[in-house]
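The values are calculated or read from the model by the stated rules, or taken from the named source; none is laboratory data. Every value quoted in this text rests on a predicted model; they were computed, and no experiment measured them. Note: ideal-geometry Cβ built from the backbone for every residue, glycine included; neighbour counts use all protein chains shown.
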Amino acid sequence: MDLGISGRRAAVAAASRGLGFATARALAGEGVQVAICGRDAQALGDAAQQIGASPIVADVSTVEGAAAFVRAARDELGGLDILVANGGGPPPGRFADVSDPQEYARAFELSCLSTIAMCAEAMPTMQAQQWGRVVAITSIAVRQPIPYLILSNTARAGLTGFLKTLAREVAPDGVTVNSLQPGFHDTERLRSLGAADTTGVPAGRLGTAAEFGAVAAFVCSEHAAFLTGAAIPVDGGANGGLQ
């Protein structure tokens, strides 16, 4: 299927590996001009070379770094049509393990405010041109909190509320805003958490990063122009709720 986005320009955050890299690769495979970022210049350069993307060294774990990446990507690409907001997650822990409220503040900057900052930089351009796609990579934890990830569960739920509200406000401008909620995919992040148990996954296996990237690329496509405000689980059926 031709996704109808060849020649479009995309900024994909935190894309030197994992789901961000897979998404950037899928978009590049559709003829999209892609800029990616990461903190490790060597890993970033290697990733960019593999997919033919423009590498931008940036740290999107802060508001300032996230906004700076979008500005740099827009300058590098000569404009911006697609934003894929992505980033690392907060450290694991239970309520009893997180004694300092400032840890929640840091988690919110990492997993909520940084995406808001990226949207703030990207939205005026998208609205002015009457076309845009925003896809935020969040987590299945937004629907069903994951044990021992209280910081991530809390921050990403707040982000989901923001994205839903933004989607309704900018829909008349031809801009869609959606989030993808990955379940258990075979990535370094999952392995580092020791959470590769597939017991609760009806598909009976971990998802691949490439499978996730393909879904993300479709959500950015012309075919998905009427899809906005959605929070889409990509989880092999793990979410047991009706919504």
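Structure summary
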quantity	calculated
Residues within segment 87-112 that are crowded, with 16+ Cβ neighbours inside 10 Å and assigned to a helix (DSSP H, G or I), tallied	8
Out of 15, 35, 22, sole residue that is free of Cβ contacts under 8 Å to residues at least 60 places away in the same chain and of a type outside the set (Lys, Arg)	35
The one condition in (1) charged (D, E, K, R); (2) within 17 Å of the chain's Cα centre (by Cα); (3) over 23 Å from residue 124 (Cβ atoms) that residue 9 fails to fulfil	(3)
Conditions (1) under 23 Å from residue 63 (Cβ atoms); (2) not in a strand (DSSP E or B); number of the one not met by residue 37	(2)
Any hit, segment 30-44, residues being closer than 25 Å to residue 229 by Cα, under 15 Å from the mean Cα position of the chain (by Cα) and of a type outside the set (A, V, I, L, M, F, W, C)	no
Candidates 140, 116 - the one that is surrounded by 17 or more Cβ atoms within 10 Å (Cβ to Cβ), touching a strand residue (DSSP E or B) at 6+ places or on another chain (Cβ under 6 Å) and touching a residue at least 24 places away in the same chain (Cβ under 8 Å)	140
Test for residue 148: is it in contact (Cβ under 8 Å) with a residue 24 or more places away in the chain and on the phi > 0 side of the Ramachandran plot	yes
Qualifying positions in segment 47-63 - farther than 26 Å from residue 106 by Cβ and out of contact with any strand residue (DSSP E or B) (no Cβ under 9 Å at 6 or more places or on another chain)	50
Of all residues in segment 165-214 being under 18 Å from residue 23 (Cβ atoms), hydroxyl-bearing (Ser, Thr, Tyr) and at pLDDT below 95, the one that is surrounded by the fewest Cβ atoms within 10 Å (Cβ to Cβ)	208
